[in-house]
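Colleague: Below are the structure tokens for one structure; questions will follow.
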Amino acid sequence: MNHRQLAFAGILAACAAAPSMAQQNTLKLGISNVQPHSGASDVSGPFTPGGISLDVRDKTTPFISYTREISDPWDVELALGIPPKHDIVIKVSNPALPGSAQALSGQVGATIRQVAPTLFVNYKFFEKTSVLRPFVGAGINYTRFNKTRSTAAGDALNGGPSSISLEDSVGLALQAGLAWRLSNEWSVSASLATARVTSKITTNTLGIERHADITFKPQVFTVAMAYSF
């Protein structure tokens with residue numbers, strides 16, 4: 001069983017087990033600001049000089065999650081949302097490269113879509129009737145990159161029309177936040193989440209493949225309205 005299958009199996013098992021233990025359901029709808037905090041090795045491959053790297057830009061996207069209470073204060077939360085599409089920016093740090101390559105530095109070389117369902121087990125502090133309830137959570141993140149596209153700048157850097165792919169990632173996820181209770185049904189929450197995401201990006205230009213290792217240490221800031229029933 002590969003990482004993708006293990007991640008989905010864990011998510012499905014937790015969601016299937018939760019109903020028998022549940023006391024309450026909560027739906028959250030809000031907005032997330034995703035800051036990838038990416039770091040990448042230099043691109044390597046045939047006819048590829050050193051000093052060319054990549055950076056992934058921030059994105060804001062709608063957020064949705066479903067929470068099933070196990071007991072007070074424990075719950076299981078599946079965090080989803082509309083997958084954000086990120087710009088990948090070209091970084092040229094080699095001054096020996098020609099001006100045509102230098103001119104591409106800072107330009108968007110590709111776009112990718114990040115699909116990253118995350119399953120948390122959360123612990124909530126204070127009593128259920130408290131107006132403010134801090135919470136912390138730990139769980140597993142599965143990240144898949146799809147709908148990749150090389151831009152004109154990316155094609156120019158690679159020397160022709162290029163396709164792009166990134167490996168999937170499974171890793172630990174953590175979050176902390178605060179819920180503000182408005183009534184028995186309604187509340188507002190704010191949270192900060194992070195995860196360990198590692199991947200390898202591969203470009204293919206007329207059969208010539210180039211690679212770079214890329215690591216994300218994302219910070220995801222979320223504000224959401226929650227309805228419990």
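The values are calculated or read from the model by the stated rules, or taken from the named source; none is laboratory data. Computed from a predicted model, the values in this text were never measured in an experiment. Every residue, glycine among them, receives a Cβ derived from its backbone with ideal geometry; neighbour counts consider all protein chains shown. Note: areas computed on protein heavy atoms with side chains; ligands, DNA, RNA excluded. Shrake-Rupley method; radii C 1.70, N 1.55, O 1.52, S 1.80 Å.
Colleague: Treating cross-link reach as a plain straight distance, find the aspartates and glutamates whose alpha-carbon is under 15 Å from the alpha-carbon of LYS147, omitting any fewer than eight places away in the same chain.
Modeller: ASP87, GLU167, ASP168
Colleague: Rounded to a whole number, what is D in µm²/s for region 143-229 from Stokes-Einstein with the Kirkwood radius over alpha-carbon pairs (20 °C, 1.002 mPa s)?
Modeller: 133
Colleague: For helix 3-21, what angle does its Cα long axis make with the longest principal axis of the chain, in degrees from 0 to 90 and rounded to 10?
Modeller: Taking Cα atoms only, the helix is inclined about 10 degrees.
Colleague: Let me ask another. Calculate one ³J(HN,Hα) per residue across region 134-143 by plugging θ = phi - 60° into the Karplus curve 6.51 cos²θ - 1.76 cosθ + 1.60, and present them in order as whole Hz with x for glycine and proline.
Modeller: x, 8, 10, x, 9, x, 10, 10, 10, 10
Colleague: Loop only by DSSP, 16 or fewer other Cβ within 10 Å of the Cβ. Give me the GluC sites (Glu not before Pro) in region 149-229 that pass, ordered by residue number. Don't skip to the answer; put the middle values down first.
Modeller: On the way: sites: GLU167, GLU185, GLU209; in loops: GLU167, GLU185.
The qualifying sites are GLU167, GLU185.
Colleague: Which percent of the accessible heavy-atom area of the chain goes to carbon and sulfur, probe 1.4 angstrom? Intermediate values should be presented prior to the final figure.
Modeller: Working: 7140 of 11610 Å².
Heavy-atom surface of the chain belonging to carbon and sulfur, 1.4 Å probe: 62 percent.
Colleague: Once every DSSP H run of n ≥ 4 in the chain is given -39500 (n - 2.57) and the sum is divided by its residues, what mean residue ellipticity at 222 nm do you get, rounded to the nearest 500 deg cm²/dmol?
Modeller: Working: 3 runs with 30 residues, N = 229.
-4000 deg cm²/dmol, from helical runs alone.
Colleague: Give me the 1.4 Å probe accessible area per residue for region 116-169, excluding ligands and nucleic acids, in Å².
Modeller: That works out to 48 Å² per residue.
Colleague: Continuing with the same structure: Once the principal axes of the Cα atoms of region 46-105 are found, what is the range along each, listed largest first in whole angstroms?
Modeller: 62, 19, 19
Colleague: Is there a pair in LYS28/LYS85; LYS28/LYS217; LYS59/LYS200; LYS28/LYS91; LYS28/LYS59 whose C-alpha atoms are over 28 Å apart, and which pairs would that be?
Modeller: Too far apart for the 28 Å limit: LYS28/LYS91.
Colleague: Of all the Cα-Cα pairs you can form in region 169-208, what percent are over 17 Å apart?
Modeller: Values: 472 of 780 pairs.
Of all Cα-Cα distances in region 169-208, 61 percent exceed 17 Å.
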